[in-house]
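Participant: Please read through the structure below; I'll follow up with questions.
The values are calculated or read from the model by the stated rules, or taken from the named source; none is laboratory data. Note that the structure is a prediction, hence the values are computed from the model and not measured. Methodologically, a virtual Cβ is constructed for each residue, glycine included, from the backbone with ideal geometry; neighbour enumeration extends over all protein chains shown. These area figures cover heavy atoms from the full protein model, side chains too; ligands, DNA and RNA do not enter into them. Shrake-Rupley method; radii C 1.70, N 1.55, O 1.52, S 1.80 Å.
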Amino acid sequence: MLDAALISQPWYQSLNRSQWNILLAANLGWLFDGFELYALFLTVGPAMRSLLDPSQYPQIPAYIGTVVAITLLGWGIGGIVGGLLADYIGRKRTMVFAILAYSVTTGLTAISFDWISFALLRFLVGIAIGSEWATGSSMMAELWPDHARGRGAGLMQCGIGIGFFLASLVWLYVGALGPNSWRYLYLIGILPALLTLWIRVSIPESAKWEQADARRRAALARQRSGTILPPEEHALTRFTAADLFATAEIRRRTIVALLLSLTTTLAWWGVSSWLPPYTAALAAKANLPAQQWAAYAGMAYNFGGIVGYICLGFLADWIGRRPTAMIYFAMAFVMTPVLFLWTEDLNLLLLVAAINAFFTLGQYSWLPIWLPELFPTRSRGTGIAFVFNAPRFIAFLGPLFAGTLIVQFGGYGKAAMIFACIYVLGFIAAPFLPETKGKPLPEEA
């Protein structure tokens, strides 16, 4: 229960400077993740036209799908590795390594010399981007108070939408600089490395992780000395990935959360990542500047996503995690055909894209809010990273199939609706996770 002092004051007044710094660091880390990722969506078309032979241009959607899929596969691998590192070497250290890695690999993408080198570098960027999210989510959950955790996670998660928006804004100007403009956008992606200097001096390590790590080390030392450990200490010595399936309750949570994560991830990557080329195609048909309208659509979509991220956090603290997730899944299913089947007027498309993004992109906030509340501290980084990233090993097929379906159907609408049906799975699975609104983080399970 919250004490009377917390109830009587606005939620934000209960936070100290360190907690606000954690939010800023996690938000900026995720913001730059978003910039690097959306830079790919905005530039992959021009990059393929630059790196492919003109005879291959009719197959550009298939090449785009392949590159996006490879990036997503790298994200899945890096995300799981990053979660393990966060549990074993610390949240803060893993975050610094991840930001440095994706800054360097994004910059190197600017010197790609063919589509294969471009795809390989994007794979490395994906690994680095995936490694960052679990650390920020763990730190936010462990350092923010129970009554404000949903709001904090929503404010953290909106960083990726801001990054998407900034990439679209920068591309609006950089995209006009000629056939090599896509290379310039990747060079700008080196800048996030500077953030690590501030993180090293301004952000504390999670005290909950330090305590769990100390208990783990003590239990391992006792085990090596030949001591027979009681069950609660033996649990500390398990490999954190195995810990996710060691007990019936954590195993059930892991499996159900995986279904929800698969819904969010597969649907978004298979549908919404095609908005820029879809808009560009409509603009070209209307004899309007394609790249400019793609940037406009990206800005509108990501503005809606930013609002959706934040609102999900506040809703989750108000009406609960479970009903909020179900509302977002249902509305994402409804808004997908509105965007890709029934909207061809470009001005109306900008409005519809923003509304669609509120639910399709904004729904990602359930992950940093709900997932940390399902796993104990000793394996929290591994748990949320596994659930967030494992679906990418399936979802990376989404852009591949979507690109093929778009070519076969000769348009985006039918392909979008096929993938939108996955939202039904999330709506059905959500009630099977426990409601955790306002409850303390689990320390042992």
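Participant: Condition first: surrounded by 21 or more Cβ atoms within 10 Å (Cβ to Cβ), within 23 Å of the chain's Cα centre (by Cα) and under 18 Å from residue 365 (Cβ atoms). Can you find one or more residues in the stretch 278-298 that meet it?
Facilitator: No, the stretch 278-298 contains no residue that is surrounded by 21 or more Cβ atoms within 10 Å (Cβ to Cβ), within 23 Å of the chain's Cα centre (by Cα) and under 18 Å from residue 365 (Cβ atoms).
Participant: Something else about it: Can you list residue pairs whose Cβ atoms sit under 8 Å apart, with the first residue in the stretch 313-329 being under 11 Å from residue 369 (Cα atoms) and the second being open to solvent by 60 Å² or more (accessible area, probe 1.4 Å) and modelled with pLDDT under 95? Count only pairs 6 or more apart in sequence or on different chains.
Facilitator: Going by the 8 Å Cβ cut-off, the qualifying pairs are 316/437; 317/437; 320/437; 321/437.
Participant: Related question: Do we find that residue 257 is closer than 22 Å to residue 209 by Cβ, of a type in the set (A, V, I, L, M) and either within 14 Å of the chain's Cα centre (by Cα) or modelled with pLDDT of 95 or more (or both) in this structure?
Facilitator: yes
Participant: Please work out which one of (1) touching an Asp or Glu at 6+ places or on another chain (Cβ under 6 Å); (2) within 26 Å of residue 304 (Cα to Cα); (3) among the charged types (D, E, K, R) is the condition residue 149 fails and give its number.
Facilitator: With (1) touching an Asp or Glu at 6+ places or on another chain (Cβ under 6 Å); (2) within 26 Å of residue 304 (Cα to Cα); (3) among the charged types (D, E, K, R) applied to residue 149, the lone miss is (1).
Participant: Still on this structure: All but one of (1) under 23 Å from residue 390 (Cβ atoms); (2) not in a helix (DSSP H, G or I) hold for residue 229; which doesn't?
Facilitator: Of everything listed in (1) under 23 Å from residue 390 (Cβ atoms); (2) not in a helix (DSSP H, G or I), residue 229 misses just condition (1).
Participant: When you go through 116, 162 one by one, which is the residue that is surrounded by fewer than 20 Cβ atoms within 10 Å (Cβ to Cβ) and over 30 Å from residue 378 (Cβ atoms)?
Facilitator: 116
Participant: I've got another one for you. Of the residues that make up the stretch 173-186, is at least one touching a helix residue (DSSP H, G or I) at 6+ places or on another chain (Cβ under 8 Å) and without any contact (Cβ under 8 Å) to a residue 24 or more places away in the chain?
Facilitator: Yes.
Participant: Can you name every residue in the stretch 81-113 that is among the aliphatic types (A, V, I, L, M) and surrounded by 24 or more Cβ atoms within 10 Å (Cβ to Cβ)?
Facilitator: Matches in the stretch 81-113: 86, 95, 98, 99.
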